[in-house]
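What follows is a single structure, written as structure tokens, with notes after it.
The values are calculated or read from the model by the stated rules, or taken from the named source; none is laboratory data. Given the structure is predicted, the values throughout are model-derived calculations rather than measurements. Cβ coordinates were reconstructed from backbone atoms using ideal geometry, including for glycine residues, and neighbour counts include every protein chain displayed. Please note that ligands, DNA and RNA were not included when accessible areas were found on the heavy atoms of the full protein model with its side chains. Shrake-Rupley method; radii C 1.70, N 1.55, O 1.52, S 1.80 Å.
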Amino acid sequence: MPQIDTRLIQTAVMGGKDGDRPVILPEEAHNLDEFRRQYGQTNFWCGTLLGGCGEKLMTKRYETKVCHFAHHPDRYGTSAECHRTSEGADGADHLFIKQHVKDWLTGQGHAAEASLRTLGTGPGDAVDFWLRATEQHLRFELRPEDYRRWRKAAESLGAREGHVEWVFGPENTITHDMVARQGYALRVRCETKGTDRRVLIGTV
């Protein structure tokens, strides 16, 4: 029996299966109509940097339920096998952070290199920024870790890169230890705005 893709996938990437330009599909039908006009014949992918299978996605329009991306079925009506676990808008936050923080740093006059890091979960575990002129390292740690494991990784990274400024995701409890150690901690969260995610950074 054909296996139909019923998952409500909200994020995809552009530029190929290994692309790093994320996009969010609007949930409402009238917003999806505008989305289709805006992006025209653009191809969308279940990107490998989203933890996806790398296959093309299509947009699915509904009036009575949430619009979403879905995998193209084959000629037998079977969807591609995909083990992607992050299907919501926040599943692409690492790509939005990489894009927007790098743009912001460039706007401030900093030439920054950006890269994604896998710390055991997937490509969205962390995002690193290296500011060449000032030799500063900025790490966005987006997946929760226990303190001992994080401390060991932090010491190793510090030994290689020098001073590292840490920014933690909203679910990361290490912020409490950072506040106790140095008096403050930086945190990041993202909010959906249309087909984009706003990156908000604050201090605890």
Notebook entry, point to check: Is segment 21-32 home to any residue that is among the β-branched types (V, I, T) and either out of contact with any helix residue (DSSP H, G or I) (no Cβ under 9 Å at 6 or more places or on another chain) or under 18 Å from Q99 (Cα atoms) (or both)?
Noted result: yes
Notebook entry, point to check: Got at least one residue in segment 162-182 being under 20 Å from E113 (Cα atoms), part of a helix (DSSP H, G or I) and either open to solvent by less than 80 Å² (accessible area, probe 1.4 Å) or not aromatic (F, W, Y) (or both)?
Noted result: no
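Just for segment 89-118: of the residues that are part of a helix (DSSP H, G or I) and open to solvent by 70 Å² or more (accessible area, probe 1.4 Å), which one is nearest to V66 (Cα to Cα)?
To start, the set of residues in segment 89-118 that are part of a helix (DSSP H, G or I) comprises 89-107.
Of the ones still in play, those that are also open to solvent by 70 Å² or more (accessible area, probe 1.4 Å) are 90, 102-104, 106.
On the way: D90: 16, K102: 32, D103: 31, W104: 32, T106: 36 Å.
It comes out as D90.
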Check: Within segment 134-143, can one find any residue that is surrounded by fewer than 18 Cβ atoms within 10 Å (Cβ to Cβ), more than 20 Å from L50 (Cα to Cα) and modelled with pLDDT under 80?
Finding: no
Next item on the list: Please give the number of the condition R84 fails out of (1) under 18 Å from R197 (Cα atoms); (2) touching a helix residue (DSSP H, G or I) at 6+ places or on another chain (Cβ under 8 Å).
Entry: (1)
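Name the residue, out of L105, L95, that is within 18 Å of F44 (Cα to Cα) and of a type in the set (A, V, I, L, M).
After applying the criteria, what remains is L95.
With respect to E191, determine if the residue is free of Cβ contacts under 8 Å to residues at least 12 places away in the same chain, open to solvent by 30 Å² or more (accessible area, probe 1.4 Å) and in contact with a strand residue (DSSP E or B) (Cβ under 9 Å, 6 or more places away or on another chain). Working first, answer last.
Values: free of Cβ contacts under 8 Å to residues at least 12 places away in the same chain: yes; open to solvent by 30 Å² or more (accessible area, probe 1.4 Å): yes; in contact with a strand residue (DSSP E or B) (Cβ under 9 Å, 6 or more places away or on another chain): yes.
Against the criterion (free of Cβ contacts under 8 Å to residues at least 12 places away in the same chain, open to solvent by 30 Å² or more (accessible area, probe 1.4 Å) and in contact with a strand residue (DSSP E or B) (Cβ under 9 Å, 6 or more places away or on another chain)), E191 qualifies.
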Next item on the list: Test D128 against the criterion of being loosely packed, with under 15 Cβ neighbours inside 10 Å and outside any loop (DSSP other than H, G, I, E, B), and give yes or no.
Entry: no
Notebook entry, point to check: Can you tell me which residues in segment 75-120 are more than 18 Å from K17 (Cα to Cα) and at pLDDT below 85?
Noted result: R75, Y76, G77, T78, L119, G120
Item checked: Cβ pairs under 6 Å, 6+ apart, first in segment 139-155 and charged (D, E, K, R), second not in a strand (DSSP E or B) -> R143/T121; R143/D125
Notebook entry, point to check: In segment 1-47, which residue that is open to solvent by 50 Å² or more (accessible area, probe 1.4 Å) and among the β-branched types (V, I, T) is modelled with the highest pLDDT?
Noted result: T42
Notebook entry, point to check: Which of (1) at pLDDT 95 or above; (2) of a type in the set (A, V, I, L, M); (3) more than 15 Å from L95 (Cβ to Cβ) does A70 not meet, given it meets every other one?
Noted result: (1)
